[in-house]
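Notes to accompany the following structure.
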Amino acid sequence: MRAEPQDFGRVLSSMCTEPHPAAREAAERFLATNPGDPGTYEAVADLEERVVDDLGAIVGLDDPVGYVASGGTEANIQAVRAARNLADAANPNVVAPESVHFSFRKAAGVLDVDLRLAPLSDDYRADVDAVRELADDDTALVVGVAGTTEYGRVDPIPELGAVARDHDALFHVDAAWGGFFLPFTDREWSFADAPVDTMTIDPHKVGQAAIPAGGFLVRDESLLDALAVDTPYLESTGQATLTGTRSGAGVASAAAAIDELWPDGYREGYERAQADAEWLAAALTDRGYDVVEPTLPLVAADVPEREFEALRDAGWRISRTGDDELRIVCMPHVTRTMLESFVADVDSVRPRRNVNT
Ligand SMILES: Cc1ncc(COP(=O)(O)O)c(C=O)c1O
């Protein structure tokens, strides 16, 4: 029997989405190409250069350097790896806020560096003083998040960059999810706003490319050189990526999605998603739930376990934060109609005594 994937009609928890039709078509066309071997697969290698240039425009980086990674996890591991390879310290450490994605725990384990997690401020953003307290002469990397996984918060990026500079450490910004929303906000998050050295920004999330298409960008070539190994049997001579054979489908679909959507399509998508998130936050607040206000299109709300499970039983794909709040991500496939139908189901599962409206 032919297996079919899920449809997106009730998916509210994912940070991935349906690819743009042009991205889907390009992915299929480039299925049998390998940007990991650019000497042989030249067409996809050219496309990858285009993607890096386009990502540079999105993140405010002139003369961008980088590549299309398998996802945010690889890009974050590479940021830690570059910092570790360039560090003078015998036992380098990485300082990051507690809200950092769990890929940094993988990076620390794989690379054998000490990961120091700083507590957050009351607004769920990195507490700069706490980060400063943890940083020392052995700090190789400071991390800030521009669009946190659980609450969609943007850390104080310029201030964290200053902490990194004070300790001669590199500064990484993880904009894996937020990077395609943030150009349309007044937040300070980009290479143009702060002394950022490396950044994660994933086309296969809000960028609407097919999976796998992550983005790893660096301020200058030397940071990528710090990752390169010799590649004797390939037509090219060195490789800075973590994986060897890579997905040409991911690269081509990222190029196609960005061609179609940057900047107007992404701007419209952001405005719609943000309005929807604010609508949902208001609807849940009206019904008596404690809601964490969405600064980007992500809503967290304190929904009791029983109601959460009833909504899952009704077919909604929803997830929880570490503190057990319901978490809803307004990705491009999430429409107002979907959210209205979700709220109608909330009404049917919640106890009547909560009614305020
Ligand atoms: C902020 C952030 N960074 C990194 C990642 C990891 O990305 P991936 O799942 O593509 O490896 C995620 C995933 O949701 C994320 O939200």
Among the residues of the stretch 225-232, is there at least one that is more than 17 Å from R125 (Cα to Cα), in a helix (DSSP H, G or I) and open to solvent by 40 Å² or more (accessible area, probe 1.4 Å)? yes
Just checking: which of the helices (runs of 4 or more DSSP H) contained wholly in the stretch 100-191 hold 2 or more residues that are buried (at least 21 other Cβ atoms within 10 Å of the Cβ)? 103-111, 157-166
Please find, within the stretch 269-285, the residue that is farthest from D347 (Cα to Cα) out of those that are touching a helix residue (DSSP H, G or I) at 6+ places or on another chain (Cβ under 9 Å) and surrounded by fewer than 14 Cβ atoms within 10 Å (Cβ to Cβ). E271
Inside the stretch 304-313, can you point out the residues that are hydrophobic (A, V, I, L, M, F, W, C) and over 16 Å from R10 (Cβ atoms)? none
Name the residue, out of G322, G244, G288, that is in a loop (DSSP other than H, G, I, E, B), at positive phi and surrounded by fewer than 18 Cβ atoms within 10 Å (Cβ to Cβ). G288
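Residue by residue, here is whether (1) within 20 Å of V196 (Cβ to Cβ); (2) within 15 Å of the ligand (Cβ to nearest atom); (3) touching a residue at least 24 places away in the same chain (Cβ under 8 Å) holds:
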{"site": "L111", "(1), (2), (3)": "no, no, yes"}
{"site": "L115", "(1), (2), (3)": "yes, yes, no"}
{"site": "P119", "(1), (2), (3)": "no, no, no"}
{"site": "R132", "(1), (2), (3)": "yes, no, yes"}
{"site": "D136", "(1), (2), (3)": "no, no, yes"}
{"site": "T139", "(1), (2), (3)": "yes, no, yes"}
{"site": "G147", "(1), (2), (3)": "yes, yes, yes"}
Restricting attention to the stretch 51-76, which residues are within 14 Å of the ligand (Cβ to nearest atom), more than 21 Å from D37 (Cα to Cα) and crowded, with 23+ Cβ neighbours inside 10 Å? G72, N76
Checking L55 against (1) assigned by TED's automatic domain parsing to the domain that holds G215; (2) out of contact with any Ser or Thr (no Cβ under 9 Å at 6 or more places or on another chain); (3) not in a helix (DSSP H, G or I), only one condition comes out false. Which one? (3)
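The values are calculated or read from the model by the stated rules, or taken from the named source; none is laboratory data. None of the values given here were measured: they were computed from a predicted structure. Positions of Cβ are backbone-derived with ideal geometry, glycine not excepted, and every protein chain shown enters the neighbour counts. Keep in mind that these areas ignore ligands, DNA and RNA; they rest on the heavy atoms of the full protein, side chains included. Shrake-Rupley method; radii C 1.70, N 1.55, O 1.52, S 1.80 Å.
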